[in-house]
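Data first, discussion second: the structure below is written as structure tokens.
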Amino acid sequence: MEKIQYEVGDMIFAAEDILNDGGMPGIADAEGLIAPAGMRGVVVHFGVAEMDESQEIYLVQFENGPDGSLGNPVGCLPEELTQVEPVSA
């Protein structure tokens with residue numbers, strides 16, 4: 001399978017609900033929703049996982065701040081992200 005590569009500044013969307021793994025400050029629930037599927041965001045940095053350097057991690061700011069502003073950066077796996085804009089119902 002070809003690796004998906006996002007660059008800093010790329011607009012992306014959450015491919016699935018992004019949940020807190022317990023490491024996100026400001027989210028009361030350990031499994032709280034950070035970004036629902038389809039939420040737009042921007043890649044602000046990328047790297048590899050400390051425990052598995054073959055695993056890419058993308059730092060994304062989703063439009064989940066006050067008034068739709070960019071929220072805190074969130075670490076996401078490539079499979080959690082897409083550049084396919086969701087279809088509005």
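Restricted to segment 65-84, and to residues there that are open to solvent by less than 60 Å² (accessible area, probe 1.4 Å) and polar (S, T, N, Q), the residue that is farthest from Y6 (Cα to Cα) is S69.
Conditions tested, residue by residue: (1) buried (at least 16 other Cβ atoms within 10 Å of the Cβ); (2) in contact (Cβ under 8 Å) with a residue 40 or more places away in the chain; (3) in a loop (DSSP other than H, G, I, E, B).
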{"site": "A37", "(1), (2), (3)": "no, yes, yes"}
{"site": "V44", "(1), (2), (3)": "no, no, no"}
{"site": "E53", "(1), (2), (3)": "no, no, yes"}
{"site": "Y58", "(1), (2), (3)": "yes, yes, no"}
{"site": "Q61", "(1), (2), (3)": "yes, no, no"}
{"site": "P86", "(1), (2), (3)": "no, yes, yes"}
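The values are calculated or read from the model by the stated rules, or taken from the named source; none is laboratory data. This structure is a prediction, so every number in the text was calculated from the model and none was measured. Backbone-built Cβ (ideal geometry, glycine too); neighbour counts: all protein chains shown. Please note that ligands, DNA and RNA were not included when accessible areas were found on the heavy atoms of the full protein model with its side chains. Shrake-Rupley method; radii C 1.70, N 1.55, O 1.52, S 1.80 Å.
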